[in-house]
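S.K.: Can you read through this structure? Questions will come right after.
Derivation of every value follows stated rules applied to the coordinates shown; laboratory data play no part. Note that this is a predicted model, so its numbers are computed, not measured. Because the Cβ atoms are built from the backbone with ideal geometry, glycine has one as well, and the counts that use them run over all protein chains shown.
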Amino acid sequence: MKLSELADALGCRAEGDGQIDITGVMGMEKAEAGHLTFLANMKYAPRLKNTAASAVIAARPVDGLPTLISTNPYLDFARALEFFYQPPRPAAGIHPSAAIAATAKIGAGVSIGAFVSVGERAEIGDAAILHPHSVVYEGAVIGSRAILHSHSVVREFCCVGARVILQNGVVVGGDGFGFAKRADGSHHKIVQSGVTVIEDDVEIQSLTSVDRATVGETRVKRGAKIDSLVQIGHACVVGEDNIICAQTGLAGSSILERNVLLAGQVGISGHLTIHEGATVYAQSGIGGDVAPNSRVSGSPAFEAGDWLRAITTFQKLPEMMRSIRELKKRVEELESAK
């Protein structure tokens, strides 16, 4: 594919030789001749001197390297990938080993792989893909063009929207963690009678659980992206276009408004609201509401700028304590000398 053709397809402007052949895309360090790379952050520009890539996507021309001028180099790099690699798409049809209930509704152009199970009165939307060993329980609804990878599970009466991607081992609608303590100290399981709803264009990465509600629903709203090994407790709401990174845990009834970012290993205590546009940095512990558009860090979490200053001071505490002890000793000596 010529660089000029790729520029037209991406809506970018080509600077330099537009007739060079582009055979793939790659990061700066591993790029070879024929590869297109990208520069999303100008602080990495010096690394381009050592790249073997034939062209680069950047916000402005790069000396000595044909450039696709883009207002969002990282996004256009991601779009360029799609011209050179598309994941295999299985053919439409139902594998003979699949177990499909007689009352299930299967849409047009659906692909159902080996050893898939689809329960009574479940609905599978048009052009959906159910990879081998995925399971759809009774009464569940899977939207059009959704993709369920192997060993993903959608439990009874839960709903997965259009174009949702469930990576391997995702569980949608497993029981919420709810028990009532008896007088003798033993635990009575609380029936989890609610459902989980995953709206359109959500992607959930491997081995993540989104629990069903005790009553009502747990909901992941449109466009949210949830990483691997995340736990979303019962009756939580994950807002539109949220990013939730790996090993994060949301206790029950947590509410995340739209465009919230949770970095890795964040813990949320539940029954609180993280408001629109907030960013929570890695390994933070959230015990109360988080204000709109704020940045918080630490455990317990507070304003990220203050946290950075506090953690710098924390490292100096032993030295500060020595100084305090010395000052205290000198004061005591002066007082005793009077």
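S.K.: Of the listed pairs Lys316/Lys338; Lys30/Lys316; Lys2/Lys49; Lys105/Lys221; Lys2/Lys43, which have alpha-carbon separations greater than 31 Å here? Write out the running numbers ahead of the final one.
M.R.: On the way: Lys316/Lys338 34 Å; Lys30/Lys316 41 Å; Lys2/Lys49 23 Å; Lys105/Lys221 25 Å; Lys2/Lys43 28 Å.
Those over the limit are Lys316/Lys338; Lys30/Lys316.
S.K.: Only Cα pairs under 8 Å and at least 6 apart count here; give the relative contact order of region 144-187 as a rounded whole percent.
M.R.: Value for region 144-187: 38 percent.
S.K.: Looking only at Gly34, Gly143, Gly93, which one moves most when the chain is put into a Gaussian network model with springs between Cα atoms under 10 Å?
M.R.: Among Gly34, Gly143, Gly93, the largest mean-square fluctuation in the Gaussian network model of the chain belongs to Gly34.
S.K.: For every other residue with a beta carbon closer than 12 angstrom to the beta carbon of Pro73, add +1 if it is Lys or Arg and -1 if Asp or Glu, then tell me the sum. The partial results should precede the final answer.
M.R.: Details: positive: Arg60, Arg79; negative: Asp76.
Residues close to Pro73 contribute a combined charge of +1.
S.K.: Which residues in region 153-195 place their backbone N less than 17 Å from a point set 7 Å from the Cα of Phe115 along the Cα-to-Cβ direction?
M.R.: 153-154, 168-170
S.K.: Work the Kirkwood hydrodynamic radius out for the chain: mean of 1/r over every pair of different alpha-carbon atoms, inverted, in Å. If you can, show how the numbers build up before the last one.
M.R.: Working: mean 1/r = 0.0424 Å⁻¹.
Kirkwood radius, the chain: 23.6 Å.
S.K.: Give me the extension gain from Glu32 to Ala337: residue separation times 0.36 nm, minus the current Cα-Cα distance, reported in nm with one decimal. Can you show the working numbers first?
M.R.: On the way: separation 305, 0.36 × 305 = 109.80 nm, distance 7.80 nm.
Here the segment from Glu32 to Ala337 would lengthen by 102.0 nm.
S.K.: For region 192-246, report the convex hull volume of the alpha-carbon atoms normalised per residue, in Å³, without decimals. Present the calculation step by step, with values, prior to reporting the outcome.
M.R.: Details: hull volume 3.1 nm³, N = 55.
Looking at region 192-246, the number lands at 57 Å³ per residue.
S.K.: Which value in nm describes the separation of the simple spin-label points at Ala40 and Lys328, placed 7 Å from the Cα toward the beta carbon?
M.R.: 5.0
S.K.: Assuming 0.36 nm per residue, please report the length gained on full extension of the stretch Lys181 to Ala310 beyond their Cα-Cα distance. Please list the in-between numbers first.
M.R.: Values: separation 129, 0.36 × 129 = 46.44 nm, distance 4.07 nm.
Stretched out fully, the Lys181 to Ala310 stretch lengthens by 42.4 nm.
S.K.: What are the ³J(HN,Hα) couplings of region 103-116, residue after residue, when phi is run through the Karplus curve with 6.51, -1.76, 1.60 and θ = phi - 60°? Round to Hz, x for glycine and proline.
M.R.: 8, 6, 10, 10, x, 6, x, 7, 10, 10, x, 5, 6, 6
S.K.: Calculate one ³J(HN,Hα) per residue across region 78-83 by plugging θ = phi - 60° into the Karplus curve 6.51 cos²θ - 1.76 cosθ + 1.60, and present them in order as whole Hz with x for glycine and proline.
M.R.: With coefficients 6.51, -1.76 and 1.60, one gets 4, 5, 5, 3, 5, 7 Hz.
S.K.: Only bridges with both residues in region 93-305 count here: give the DSSP antiparallel percent, nearest 5. Could the numbers behind the result be given before it?
M.R.: Working: 5 of 62 bridges.
Antiparallel bridges: around 10 percent, rounded to the nearest 5.
S.K.: Run the numbers for Ser269 and Met321: contour at 0.36 nm per residue of separation, minus the present Cα-Cα distance, in nm.
M.R.: Values: separation 52, 0.36 × 52 = 18.72 nm, distance 3.34 nm.
Here the segment from Ser269 to Met321 would lengthen by 15.4 nm.
S.K.: What are the ³J(HN,Hα) couplings of region 271-288, residue after residue, when phi is run through the Karplus curve with 6.51, -1.76, 1.60 and θ = phi - 60°? Round to Hz, x for glycine and proline.
M.R.: So the J values, rounded to whole Hz, are 6, 8, 10, 9, 7, 3, x, 6, 10, 10, 7, 4, 6, 7, x, 9, x, x.
S.K.: If you don't mind, there's one more thing I want to ask. Mind running the shape call on region 3-84? Use the C-alpha gyration tensor, a ≥ b ≥ c as the square roots of the eigenvalues: rounded below 1.5 for a/c, prolate if a/b tops b/c, oblate otherwise. Don't jump to the answer; show the numbers that get you there.
M.R.: Numbers: a/c = 1.31, a/b = 1.18, b/c = 1.10.
Note, shape of region 3-84 comes out rounded.
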